[in-house]
1. Match the structure shown to one of the listed values (1) 19.6, 72; (2) 14.8, 42; (3) 19.5, 59 of Rg and Dmax of the Cα atoms in Å, computed from it, and give that label.
2. What is the distance, in nm, between label points placed 7 Å from the Cα along the Cα-to-Cβ direction at residue 110 and at residue 23?
3. Give the lysines whose C-alpha is closer than 24 Å to that of residue 121, dropping any in the same chain fewer than 8 places away, or say none.
4. Among 72-80, 104-112, how do they line up from the highest to the lowest mean number of other beta-carbon atoms within 10 Å?
5. For the chain, what is the charge dipole size about the Cα centre, in debye to the nearest 20, if Lys and Arg each add +1 at the Cβ and Asp and Glu each add -1 at the Cβ?
6. Mean residue ellipticity at 222 nm from the helices of the chain, using -39,500 (n - 2.57) per DSSP H segment of n ≥ 4 over the full residue count, to the nearest 500 deg cm²/dmol?
7. Can you tell me which of 48-58, 117-127, 20-30, 34-44 comes out highest on packing, and rank the rest after it, using the mean Cβ neighbours within 10 Å?
8. For a label point 7 angstrom out from the Cα of residue 57 toward its Cβ, which stretches of the range 103-118 have the backbone nitrogen within less than 18 Å?
Amino acid sequence: MTDEIETPGGRWIPDAYQTSPGSVPFVRFVDSLPSSSANALEIALDTVLTVRGIELAGTEWLKPLGKGLHEFRVRHEAAEIAHMFGQGSVPAAPSRRGILLRLFVHFHGDRRVLLLNGYDKGADASERRQQREIARARRLLAQFKNAGR
């Protein structure tokens, strides 16, 4: 996955989902992360997800969960991701326990990727937590679809 080929039609546009009461689960997720994890997620979004989009499905980066829901997986630190995708050097802020993030997304419209919610699987890798987070992402996606966006 180190090629520099962009998807036809340009970059995917990230769109953080806002619930009807005005909460933005993606922002809450990012704000909860240590800086090394937040940096890795930012680089991964900018150099991987928005460039390659749905074409990542079936790779180590993107797992289809069914009914339009996907799990974007970040397993590398920011500097490593930047190096993998030819983005030059990024100041290293090593994580104490490594990076293992999950971000739930939905591809829609004219090259948009909806950022639903996420969690730090490195902090809690239990099956129960994983299923709870997937269920939450499914509820958020259903709200988005019911709102007719």
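Every number here is computed from the coordinates shown, using simple stated rules; none is lab data. Keep in mind that what you see is a predicted model, and the values were worked out from it rather than measured. Here Cβ is always computed from backbone atoms with ideal geometry, including for glycine, and neighbour counts include all displayed protein chains.
1. Label of the calculated value: (2).
2. Roughly 3.2 nm, to one decimal.
3. Filter leaves 63, 67.
4. Working: 72-80: 20.8, 104-112: 17.3.
The peptides rank, most packed first, as 72-80, 104-112.
5. It works out to roughly 820 debye.
6. That comes out to -9000 deg cm²/dmol.
7. Working: 48-58: 17.9, 117-127: 16.2, 20-30: 13.7, 34-44: 20.3.
Descending packing order for the listed peptides: 34-44, 48-58, 117-127, 20-30.
8. Within reach of a label on residue 57: 103-116.
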